[in-house]
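Structure first, then comments.
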Amino acid sequence: MDESFLGNALNAIDAKGRVSVPSGFREVLATRGDGRSVILAPAERADCLVGYDPGYPAKARAELEARFAGEFSPERDDRFRATFGSAEKAPIDDNGRIILSATMKDIGEIDRLALFWGMGDYFEVWNPQRFVERPGLDPRAIRIARRLLDARGAA
């Protein structure tokens, strides 16, 4: 089985902040771990959230330790803060849903709908309107997102 996050989905967020993680993404999370949680964090280079498998923190820590090689500096501290302090572990319930915390919803400017977008090693969670308005985005990606919005009557 491929262990990459592939594809996309547009899912509704209910009044309790619950949203279904796409089944293909849950399969990857199960292959990479126990499939019972996902790590959510602000994206570094986009106005969205990113989702990682639960093994991500150990991998990120090892990469940062290698990058800074025992150096303790404001840059190192800032990078660790950004990587770990703003991340959250979100349990996946028996129905395949996670709860987007108020903080994550605010950071991603996500309200009623969440656009999930596969990125290989991780996935993104977008406010779909922010996604289609992103400068320089591939027009094919915009068409896909607009079709998903049209299918929900949310265009």
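Data for the structure
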read-out: Candidates ARG130, ARG143, ARG81, ARG67, filtered to the one that is basic (Lys, Arg), loosely packed, with under 13 Cβ neighbours inside 10 Å and within 25 Å of ILE13 (Cβ to Cβ); value: ARG143
read-out: Test: residue in segment 96-110 that is part of a loop (DSSP other than H, G, I, E, B), touching a Lys or Arg at 6+ places or on another chain (Cβ under 6 Å) and under 18 Å from VAL38 (Cβ atoms); value: yes
read-out: Qualifying positions in segment 92-115 - under 15 Å from PHE25 (Cβ atoms) and under 14 Å from the mean Cα position of the chain (by Cα); value: ILE92, ARG97, ILE98, LEU100, ALA114, LEU115
read-out: Per-region count, segment 20-40, residues within 27 Å of ARG146 (Cβ to Cβ) and under 12 Å from the mean Cα position of the chain (by Cα); value: 5
read-out: Qualifying positions in segment 14-52 - free of Cβ contacts under 8 Å to residues at least 60 places away in the same chain, of a type in the set (Asp, Glu) and surrounded by 13 or more Cβ atoms within 10 Å (Cβ to Cβ); value: GLU27
read-out: Conditions (1) under 21 Å from GLY24 (Cβ atoms); (2) of a type outside the set (D, E, K, R); (3) in contact (Cβ under 8 Å) with a residue 40 or more places away in the chain: number failed by GLY55; value: (3)
read-out: Neighbours by Cβ (under 8 Å, 6+ apart or cross-chain): first from segment 71-89, under 14 Å from ILE107 (Cβ atoms) and modelled with pLDDT of 90 or more; second surrounded by 15 or more Cβ atoms within 10 Å (Cβ to Cβ) and of a type outside the set (Val, Ile, Thr); value: SER86/ALA41; SER86/PRO42; ALA87/LEU40; ALA87/ALA41; ALA87/PRO57; GLU88/LEU40; GLU88/ALA41; GLU88/MET104
read-out: Some residue of segment 101-108 being surrounded by fewer than 16 Cβ atoms within 10 Å (Cβ to Cβ), in contact (Cβ under 8 Å) with a residue 12 or more places away in the chain and either farther than 20 Å from LEU40 by Cβ or among the β-branched types (Val, Ile, Thr) (or both); value: yes
read-out: Test: residue in segment 127-143 that is farther than 30 Å from GLY153 by Cβ and not acidic (Asp, Glu); value: no
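The values are calculated or read from the model by the stated rules, or taken from the named source; none is laboratory data. None of the values given here were measured: they were computed from a predicted structure. Reconstructed Cβ throughout: ideal geometry from the backbone, glycine too, with neighbour counts over all protein chains shown.
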